[in-house]
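**Student:** To start, I am sharing the structure in question, which I have written as structure tokens.
The values are calculated or read from the model by the stated rules, or taken from the named source; none is laboratory data. Source: prediction; values computed, not measured. Note that each Cβ is placed from the backbone with ideal geometry, even for glycine, and that neighbours are counted across all protein chains shown. These accessible areas exclude ligands, DNA and RNA; they are computed on the full protein's heavy atoms, side chains included. Shrake-Rupley method; radii C 1.70, N 1.55, O 1.52, S 1.80 Å.
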Amino acid sequence: METEQNDKNIILGRNPVIEALRNEREMEKLLVAKGAEGSIKKIVGMAKEKHIPMTLVDKVTLDRLAEGQPHQGVVAYVSSYSYCDVEDILDIAKERQEPPFIMILDNLEDPHNLGAIMRTGEACGVHGIIIPKRRAVGITDVVAKASAGAVEYMACAKVSNIAQTIESLKEKGVWVYACHMDGETYYKTDLKGPAAIVIGSEGAGISRLVREKCDFAVSIPMVGKITSLNASNAAAILMCEVRKQRDAGRV
């Protein structure tokens, strides 16, 4: 069964949790009873594959969360955030009569980074954010808090394949820019037109296939002893540059 506790959506029971995992339901975390056996092992395996945080807890904790309902040793916290389609993001740009301004996050894993990017994106006029369905952070309570409320106003689409999504955007006239150290200096690049900026994961950066699909690469000059920036910091610099160029273009 699915119920709501303390302003969070939770799913109780083994089969409901398995179905939610199969159907790519966005999960914040799993609570699993210590010593649970049987199909719990299957649930744990599926959750590990999807990089969903898990915590082993006492049965008493689950009993309290379930409020008398049968939980069979597992409780899943699921996101109540409503994701959109990529087309919805493009429609937002049309409604504002602006060229599309999109952020694409390639396997970002830190919820604080995603929340910070949503916050800056909302302030800079980004029409939407695209994230992958697998092996990346989704919209969780931590993301919502880090976004300082921006999650309520920022459209976010989850897609099965980032590379294919880039191809589709290019067919619709959107130029795709990869944030990459080998690119042209960002402030020397024309970013005023329809643009999607790709930011890579915290450790590996942008995957090779995704990088190859991009039209251009832009870099951020580094003159200090630190040779790289946090993903949300790099994204903020580029989003502010797009905003600056677009505002200057209207003068």
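**Student:** Under the √(5λ) rule applied to the eigenvalues of the Cα gyration tensor, what semi-axes describe the equivalent ellipsoid of segment 13-105? Give them in Å, descending.
**Tutor:** Sorted largest first and rounded, they come to 37, 14, 11 Å.
**Student:** To continue, here is another question. What's the local net charge at Cys124, with K and R +1, D and E -1, over the other residues with C-beta under 11 Å away?
**Tutor:** Details: positive: Arg119, Arg243, Lys244, Arg246; negative: Glu122, Glu241, Asp247.
Its environment carries a net charge of +1.
**Student:** Can you list the residues, at least 5 places off or on another chain, whose amide H is less than 5 Å from the amide H of Glu28, using H built in the peptide plane?
**Tutor:** Correct list: Tyr77, Val78, Ser79.
**Student:** Compute the accessible area per residue over segment 157-251, keeping the other protein chains in place, probe 1.4 Å, unit Å².
**Tutor:** So segment 157-251 comes to 55 Å² accessible per residue, rounded to a whole number.
**Student:** Can you work out ³J(HN,Hα) from phi for every residue in segment 184-199, in order, using Karplus 6.51 cos²θ - 1.76 cosθ + 1.60 and θ = phi - 60°, giving whole Hz and x for Gly and Pro?
**Tutor:** Per-residue couplings from phi come out as 6, 3, 4, 7, 9, 9, 6, 10, 7, x, x, 9, 10, 9, 9, 10 Hz.
**Student:** I've got another one for you. Restricting to DSSP H runs of at least four residues, report the calculated mean residue ellipticity at 222 nm for the chain, -39500 (n - 2.57) per run over all residues, nearest 500 deg cm²/dmol.
**Tutor:** So the helix-based figure for the chain works out to -11000 deg cm²/dmol.
**Student:** What list of whole percents do you get for P(r) of the chain, with Cα-Cα distances grouped in 5 Å bins up to the one holding the largest distance?
**Tutor:** The percentages, shortest bin first, are 1, 6, 13, 16, 17, 14, 10, 8, 6, 5, 3, 1, 0, 0.
**Student:** Loop only per DSSP, at most 12 neighbouring Cβ atoms within 10 Å: give me the chymotrypsin sites (Phe, Trp or Tyr not before Pro) in segment 133-177, ordered by residue number.
**Tutor:** Tyr153
**Student:** Along the principal axes of its C-alpha atoms, what lengths does segment 56-115 span, in descending order and rounded to whole Å?
**Tutor:** In descending order, the Cα extents are 54, 23, 14 Å.
**Student:** Counting only DSSP beta bridges with both residues in segment 1-158, what percent are antiparallel, rounded to the nearest 5? All intermediate terms of the calculation are to be shown ahead of the outcome.
**Tutor:** On the way: 13 of 24 bridges.
Close to 55 percent.
**Student:** Pull out a ≥ b ≥ c, the square roots of the eigenvalues of the alpha-carbon gyration tensor of segment 177-232, then state rounded if a/c is under 1.5, prolate if not and a/b is larger than b/c, and oblate in the remaining case.
**Tutor:** Details: a/c = 1.97, a/b = 1.18, b/c = 1.67.
It comes out oblate by the Cα gyration axes.
**Student:** What list of ³J(HN,Hα) couplings, whole Hz, do you get for segment 27-42 from phi and the Karplus terms 6.51, -1.76, 1.60, once you set θ to phi - 60° and write x for glycine and proline?
**Tutor:** Couplings: 10, 7, 6, 10, 10, 10, 5, 4, x, 5, 10, x, 5, 4, 4, 5 Hz.
**Student:** Can you give the local net charge around Asn161? Use residues other than it whose beta-carbon is closer than 15 angstrom to its beta-carbon, Lys and Arg +1, Asp and Glu -1.
**Tutor:** On the way: positive: Lys133, Arg134, Arg135, Lys158, Lys170, Arg208, Arg211, Lys213; negative: Glu24, Asp85, Asp106, Glu167, Glu171, Glu212.
Taking every other residue near Asn161 into account, the sum is +2.
**Student:** I need the calculated FRET efficiency for the pair Arg96 and Lys172, taking r as the beta carbon distance and R₀ as 25 Å, to the nearest 0.05.
**Tutor:** So, using R0 = 25 Å, E works out to roughly 0.95.
**Student:** Moving to a separate point now. Specify whether the C-alpha gyration tensor of segment 140-251 places it in the rounded, prolate or oblate class, a ≥ b ≥ c being the square roots of the eigenvalues: rounded for a/c under 1.5, otherwise prolate if a/b is larger than b/c and oblate if not.
**Tutor:** Judged from the Cα gyration tensor, segment 140-251 comes out rounded (a/c under 1.5).
**Student:** If amide hydrogens are placed 1.01 Å from N in the peptide plane, which non-local residues have theirs closer than 5 Å to the one on Cys156?
**Tutor:** It is Cys84, Ile129, by chain and number.
**Student:** Further question: Quick one: Karplus J couplings for segment 12-23, per residue in order, coefficients 6.51, -1.76, 1.60, θ = phi - 60°, nearest Hz, x for Gly and Pro?
**Tutor:** Result, rounded to whole Hz: 10, x, 5, 5, x, 5, 4, 5, 5, 5, 5, 8.
**Student:** Same structure again: Express in nm, to one decimal, how much length is gained between Glu67 and Glu152 on full extension, taking 0.36 nm for each residue of separation and deducting their alpha carbon distance. Present the calculation step by step, with values, prior to reporting the outcome.
**Tutor:** On the way: separation 85, 0.36 × 85 = 30.60 nm, distance 2.96 nm.
Taking Glu67 through Glu152 to full extension adds about 27.6 nm, to one decimal.
**Student:** Can you pull the three principal axis extents for the Cα set of segment 83-195, in Å, largest first?
**Tutor:** Projected onto the principal axes, the Cα atoms of segment 83-195 cover 35, 35, 27 Å.
**Student:** Right, here's the next one. Give me the percent of the accessible area of the chain that comes from carbon and sulfur atoms, probe 1.4 Å, all protein chains in place.
**Tutor:** 49
**Student:** Separate question: Near the amide H of Ala196, under 5 Å away, which other amide H atoms are found, from residues 5 or more places off or on another chain, if H is placed in the peptide plane?
**Tutor:** Correct list: Ile102, Trp175, Val176, Tyr177.
**Student:** Report for segment 112-251 the percent antiparallel among DSSP-assigned beta bridges with both residues inside it, nearest 5. If you can, show how the numbers build up before the last one.
**Tutor:** Details: 1 of 14 bridges.
Around 5 percent antiparallel, to the nearest 5.
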